[in-house]
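Q: My questions will all concern the structure given below.
Values quoted throughout were computed directly from the atomic coordinates according to the rules given, and no laboratory measurement underlies them. Note that the structure is predicted; figures quoted are calculated from it, not measured. Glycine gets a Cβ as well: all are built from the backbone with ideal geometry, and neighbour counts include every protein chain shown.
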Amino acid sequence: MHILYFHQHFSTPDGAAGTRSYEMARRLLREGHSVTMVCGSYSQGATGLAGPFHKGCRRGTIDGIDVVEFDMRYANEDGFIRRSGVFVKFALASIKLALREKYDLAFATTTPLTAGIPGIFARWLRGKPFVFEVRDLWPELPRAMGVITNPVILGAMSVLEWASYRSATRCIGLSPGIVDGITRRGVPRSRVSMIPNGCDVELFSDSRPAADASFRKANNISDKQLLAVYCGTHGLANGLDAVVDAGIELRNRGRTDIVLALVGKGQEKARLKERVKAERLSNVRFFDPVSKRRLTSLLGEADLGLQILRNIPEFAYGTSPNKFFDYLSVGLPVLNNYPGWLADMIEEHELGFAVRPDSPAAFADALEQAAEDRAALVEMGHNAAAFARGAMNRDHLSKQWVDWVTAGVGRVSLDGDGPYSAILSARPPALAVEQK
């Protein structure tokens, strides 16, 4: 079977972006299928293509994947209008491919929501099966964050959301809240599977730093200091002021033995750096993004991974952050600062700390506890590594994903007999994502 796969922000492990689509495409190849990956030029990604663009496009084979990259530059730091324009241009260019390429099945993954547009055309104009993967609920999340307030735009996005879900022959949601959001738009649960982000245990199997490339040594961080690392986008949704607030609290307590490292970039990074400078904090430090391959050694030197998001109810069960699973992959305990299914997972399996949101004191308390009880921290790391090798192992999840996409077999049961049924059934109804 040949799959035409649309992911605007596709990246190989040589980029600093998530590699879910790369891993899933590689699994399709191992199962005997072929893949054409359609993407744009994401500032934090690396498609693997290096040749010149011809008429706004370049094409080549990367690790067996036929990659089509449009010359459409996108960065999280760009303004809303520019980013929206790139989304629309990518969707229009993708429609042309969906109408002329030879393939058996169209697959599209968000974000953005416009990723579903070529799949809609493939389904209704060419009669192709269309599988739609939802990584974030739009327009619910931008509306909850106040990023989009125009009722006309929100209305148009809601129509597109409905059309994408209802056009898809099957859907995939990456978290319990996303699955709920899809079914509330009228899609039967029998057509929706929950397949979250997973742990790339094989990629992170050797996290030992090279002798001449020690992150701690290069940045004057001693082995005695607790190193807590955040790796990801510095955007509005991420709420990284919480890390700065914790840094201030630690400074006021006289804790110079704890370092908070923020690795990545985004539209909020410049402001955050100015705030740290104004506060004269030495315990909060910023670093450029690194490729996923280099991330393995960096995290190997850390003591704790930081999973940070703004305290918005829609985030509780409506996200599946790949950085969380990266931390687990390297056997790193996690400090999570918002409620929801990840916090529940951390507490149930003793993977780290689930702290009260919007509380610098609680955040600092957890960091102090980690610094003072290294034996317990090491045990949490062992738990994280074991958990990563289990149900959340990417190898296991990718097989499940391929079966669901290509044949509809082996899908996750949402009626109580699947591996994630406990997560779904345990969710408090009051915290479910609402589309109002």
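Q: Fewest first, what order do F130, F6 take by the number of other Cβ atoms within 10 Å? The partial results should precede the final answer.
A: Numbers: F130 26, F6 30.
Listing F130, F6 from fewest to most nearby Cβ atoms yields F130, F6.
Q: Which order do S282, S359 fall in if you start with the one that has the fewest other Cβ atoms within 10 Å? Mind dumping the intermediate values first?
A: Details: S282 11, S359 17.
Sorted ascending by nearby Cβ count, the order is S282, S359.
Q: Taking every pair of Cα atoms in the range 66-176, average 1/r, invert it to obtain the Kirkwood radius, and report Rg/Rh to two decimals.
A: Taking Rg over the Kirkwood Rh, I get 0.96.
Q: Let me ask you something else. Mind listing the long-range amide H neighbours of V68? Cut-off is under 5 Å, sequence gap 5 or more, other chains count too, H placed in the peptide plane at 1.01 Å from N.
A: Correct list: M37, V38, C39.
Q: Counting only C-alpha contacts under 8 Å and six or more residues apart, can you give the relative contact order of the range 81-171 as a whole percent?
A: It rounds to 28 percent for the range 81-171.
Q: Restricting to bridges with both residues inside the chain, how much of the DSSP beta-bridge set is antiparallel, in percent to the nearest 5? All intermediate terms of the calculation are to be shown ahead of the outcome.
A: Values: 7 of 52 bridges.
Given both bridge residues lie in the chain, the antiparallel proportion sits at roughly 15 percent.
Q: Test of understanding: in a Gaussian network model of the chain with alpha carbons linked when under 10 Å, which of R123, R294, R73 would top the mean-square fluctuation ranking?
A: Judging by the Gaussian network model, the answer is R73.
Q: May I pose another question? To check you understand DSSP bridge types, tell me what percent of the beta bridges within the range 234-358 (both residues inside) are antiparallel, rounded to 5. Present the calculation step by step, with values, prior to reporting the outcome.
A: Values: 0 of 10 bridges.
Around 0 percent of the beta bridges assigned by DSSP in the range 234-358 are antiparallel ones.
Q: Nearest 10 degrees, 0 to 90: what angle lies between the long axis of helix 80-100 and the longest principal axis of the chain (Cα atoms)?
A: That helix lies at roughly 40 degrees to the long axis.
Q: What's the angle, to the nearest 10 degrees (0 to 90), between helix 360-372's Cα axis and the longest principal axis of the chain?
A: 70
Q: What span do the alpha-carbon atoms of the range 215-389 cover on each of the three principal axes, reported in whole Å from largest to smallest?
A: 41, 37, 33
Q: Rg and Dmax of the range 330-387, Cα atoms, in Å?
A: When restricted to Cα atoms, the range 330-387 yields Rg and Dmax of 10.9, 30 Å.
Q: Return K269, K224, K96, K89 ranked ascending by Cβ neighbour count within 10 Å, so the fewest neighbours appear first. Don't jump to the answer; show the numbers that get you there.
A: Numbers: K269 19, K224 8, K96 11, K89 16.
The most exposed by this proxy come first: K224, K96, K89, K269.
Q: Let me ask something else about it. Going by the alpha-carbon gyration tensor, a ≥ b ≥ c the square roots of its eigenvalues, is the chain rounded (a/c under 1.5) or, if a/c is not under 1.5, prolate (a/b greater than b/c) versus oblate?
A: Prolate shape, in that a/c is at least 1.5 and a/b is the bigger ratio.
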